[in-house]
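Down below is the structure, laid out as structure tokens.
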Amino acid sequence: ANVLKTRPPDNATPTATDTLTPSATPTATDTPSATPTPVPTYVKLRGEVIIEQAVCHYGPGKPYLYKYGVYLGNRLEVIRRVTGSNYVEIQAIGGDNPCWVRLDYLKLDGDWLNLEPAAADQVVLPLSPYYGPPTGVKAERSGDEVKVSWYGINVSPGKDSLQTPYIVEAWVCQDGQQVFIPAGSYMNAVSVLDEPGCAEPSRGRLLAAEKHGYTKPVEIDWPQPGN
């Protein structure tokens, strides 16, 4: 399988004296308050499609199910971005049917880094009413390559999506940064590049798809770099 490549103030100590003298009445002082943590301000942007046709997916990556297409010159509202990825969430201006498209298919009226960031596992995917999650999931490391394998699901004729049936959603270290890689596969295994050098632990989960949606994800016991 192909390897797919964020000095407290001094207090004077009183000294003993032979005569006690009255002290000045203490005056009330304001107690310093903690500085509030600034709340990030995010924006929504407008964007224009710059290729003939762009596929807009249910999730933030090419292996996710097709939702609908957007076309050259379409003006869209750009809502969020996925952390560690180059996918953004869009919808029709004033619409309520969002999907995910590659950033480089759009020309944005502003900086995409000012969009609200979202973790990929916060994206809500349609749930399959017919199939449970894959079983027999395991992950094995060889150097910087992690191979994930599982038992396949037999999807009934007519329920097959005819698209990528399995996705390993992987949060891995590449070039010193943690990135999100949705590694799609038509087979019962896929390999992902995961290098040492990141503070965050790597992790992953597996989903299977049929035309109505996705199985619940299976968390993968991910072997860490250097282990």
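The values are calculated or read from the model by the stated rules, or taken from the named source; none is laboratory data. The structure presented is a predicted model; accordingly, all values stated were derived computationally and were not measured. Using ideal geometry, Cβ is built from the backbone for each residue, glycine included, and neighbour counts are taken over all protein chains shown. To get the accessible areas, we keep the full protein, side chains included, count just its heavy atoms, and leave off ligands, DNA and RNA. Shrake-Rupley method; radii C 1.70, N 1.55, O 1.52, S 1.80 Å.
Taking the 1.4 Å solvent-accessible surface of the stretch 39-126 as the whole, the part contributed by carbon and sulfur is 50%.
All Cα-Cα separations within the stretch 56-206 were binned at 5 Å from zero, giving a P(r) of 2, 8, 17, 19, 18, 15, 11, 7, 3, 0, each value a whole percent of the pairs. With both labels modelled 7 Å from their Cα along Cα-to-Cβ, the Tyr151 to Arg75 distance reads 5.5 nm. Placing a pseudo-label 7 Å from each Cα along the Cα-to-Cβ vector at Tyr66 and Thr83 gives an inter-label distance of 3.3 nm. Cross-link pairs exceeding 19 Å in C-alpha to C-alpha distance, out of Lys147/Lys211; Lys159/Lys216; Lys138/Lys211, comprise Lys147/Lys211; Lys138/Lys211.
Residues of the stretch 76-182: accessible area per residue at 1.4 Å, in Å²?
Value for the stretch 76-182: 49 Å² per residue.
The slack in the chain from Ser142 to Ile93, taken as 0.36 nm per residue of separation less the alpha-carbon distance, amounts to 12.9 nm. Using a probe radius of 1.4 angstrom, the carbon and sulfur fraction of the accessible surface of the stretch 156-227 is 52%.
On the beta carbon distance between Leu108 and Asp160, with R0 = 30 Å, the FRET formula returns roughly 0.25.
Let me know the shape class of the stretch 144-227, please: from the alpha-carbon gyration tensor, a ≥ b ≥ c as square roots of the eigenvalues, rounded when a/c is under 1.5, otherwise prolate if a/b is greater than b/c, or oblate. Prolate is the answer for the stretch 144-227, as a/c is 1.5 or above and a/b outweighs b/c.
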